[in-house]
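Asks: Take this structure, written in structure tokens, and hold onto it; I'll ask about it next.
Each reported figure results from applying straightforward, stated rules to the coordinates on display, with no laboratory input. Not measured: the values here are computed from a predicted model. Cβ: placed from backbone, ideal geometry, glycine included. Neighbour counts: every protein chain shown.
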């Protein structure tokens, strides 16, 4: 179970003509992908909702805390991506450091993260489409059955683009990113005209007991310490950091595309840090403008969005522009998350932990068969499933991957100091330890309900590993062949 796949073998596997990905991407493409996946629902909806119900004006500080955790982890991802420029991201890194069973756990974890993220964001895209079309929603009801045709539509469009080619997807993302950045710039300029510094006081509102944070819905930290569920105050701020972390989910997809990058040793670190720096500045700027426009108390409610603040000032015309920006923003989030899902599955299938037939690439150098399967599954989830609090599962899945990647850096340094590294994390092991601890802290602030669901998902994954993946592992078969050959020679 703990057999490791050498970095050299992982790189050799990328030359298999039947499962070879085309190297088309540059540092600019990766930065666009990073901004494309991170600037989405978080900036248009999550910011207002978190300010109104959890953190108050301190939501801007919550974004900084989440960005620090992501930044520390990005350093670790950059070193791995420049050392092991292979599709699969955290899954591939874990295979080289911790062994097969841990790699499987990470891969199974990432499947959960990306599948839920694609489906949840597609439903958000659908809601904004309904607003633009003047309809209440894009959901069709037939008795007890609900079908969200808008969510299915965006997944079908994105799947077609990804099957056509990664470079084309990058170009479409570049256009969409330009649109949403223009909308964000307009929001900042117009919002600044309504800004009042007095709305930022108190910056960290006094804590209040939460009506919804009890039982399984309270955070694991609150349960362990007996502090009870609260909103606002310092505990609210820390909980907000765990919630707005969802806004950063997906920047690690940049590392997943390393195998399709022309110069991964140089371009992947640039793409990671460039995109993370851009989105952090934008999130903090928007959250400060938002909470300076209106009192955080005016943003309380599950349906508060960025447009709510403008509507309170009578600037309803901004709402339509925000909807256009949200459509562009969420389109690229769906696309890049979809891309990450297919690449992780592709790497696992190439290693035999999933059926190897899924790792076949078509004439365009893309895994078309796998793209279709992912599209069908995510379209079903987005079209028929009401997720509710399931979106927190995306956070816990991502954070677990981040923790293992951070721990893996010093381990690979010790086991393979000879490997060429295009980028090296400074102050090892201090930075990886801080990265792991910051992610663990964010995990502690997620609800008990989320933890229980995650444990169930992991248990299901282990059943699949022991009944299928372990026996079909390519690495296991290679080692068995080598052992028989050695025995024959003797």
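Asks: Taking the Cα-to-Cβ direction at residue 23 and at residue 196 and moving 7 Å from each Cα, how far apart do the two end points lie in nm?
Replies: 5.9 nm
Asks: Take the alpha-carbon centre of region 286-325, take the same for region 167-211, and report the distance between them in whole Å.
Replies: The two parts, judged by their Cα centres, are 9 Å apart.
Asks: Once a ≥ b ≥ c are taken as the square roots of the eigenvalues of the Cα gyration tensor of region 301-440, is the result rounded (a/c under 1.5), prolate (a/b larger than b/c) or oblate (a/b not larger than b/c)?
Replies: Working: a/c = 2.34, a/b = 1.37, b/c = 1.72.
Oblate is the answer for region 301-440, as a/c is 1.5 or above yet b/c matches or exceeds a/b.
Asks: Next question. In whole percent, what relative contact order does the chain give with Cα contacts below 8 Å and a gap of six or more residues?
Replies: Working: 887 pairs, mean separation 165.9, N = 490.
Result for the chain is 34 percent.
Asks: Antiparallel DSSP bridges in the chain: what percent, to the nearest 5?
Replies: 90 percent
Asks: Modelling each spin label as a point 7 Å along the Cα-to-Cβ direction, I'd like the residue 468/residue 415 distance in nm, to one decimal.
Replies: Roughly 2.6 nm, to one decimal.
Asks: Follow-up question, since we're still on this one. Given a Förster distance of 56 angstrom, what is the FRET efficiency for residue 356 paired with residue 224, based on the Cβ-Cβ distance and rounded to 0.05?
Replies: Once rounded, the FRET efficiency stands at 0.80.
Asks: Let me ask something else. Can you list, largest first and rounded to whole Å, the semi-axes you get for region 28-181 by taking the square root of 5 times each eigenvalue of its Cα gyration tensor?
Replies: On the way: eigenvalues 180, 97, 65 Å².
Over the Cα atoms of region 28-181, the ellipsoid semi-axes are 30, 22, 18 Å.
Asks: What number, rounded to the nearest 500 deg cm²/dmol, is the helix-based mean residue ellipticity at 222 nm of the chain, given -39500 (n - 2.57) per DSSP H run of at least four residues and division by all its residues?
Replies: On the way: 19 runs with 319 residues, N = 490.
It comes out at -22000 deg cm²/dmol, rounded to the nearest 500.
Asks: 7 Å from Cα along Cα→Cβ at both residue 385 and residue 480: what's the point-to-point distance in nm?
Replies: 3.3 nm
Asks: Just subtract the alpha-carbon distance of residue 171 and residue 8 from 0.36 nm times their residue separation and send over the number in nm, one decimal.
Replies: Extra length available between residue 171 and residue 8 comes to 55.5 nm.
Asks: Next up: Rounded, prolate or oblate: which fits region 372-490, taking a ≥ b ≥ c as square roots of the Cα gyration tensor eigenvalues, rounded meaning a/c under 1.5, else prolate when a/b beats b/c?
Replies: On the way: a/c = 2.41, a/b = 1.23, b/c = 1.96.
Taking the square roots of the gyration eigenvalues as a ≥ b ≥ c, region 372-490 is oblate.
Asks: Then there is this: Suppose the chain between residue 142 and residue 300 were pulled fully straight at 0.36 nm per residue; how much longer would it get relative to their current alpha carbon spacing?
Replies: 53.6 nm
Asks: Another question, then. How would you order 368-379, 460-471 from highest to lowest mean count of nearby Cβ atoms within 10 Å?
Replies: 368-379, 460-471
Asks: If you take the beta carbon distance between residue 316 and residue 157 as r and set R0 to 45 Å, what does 1/(1 + (r/R0)^6) give as a FRET efficiency, to the nearest 0.05?
Replies: 0.95
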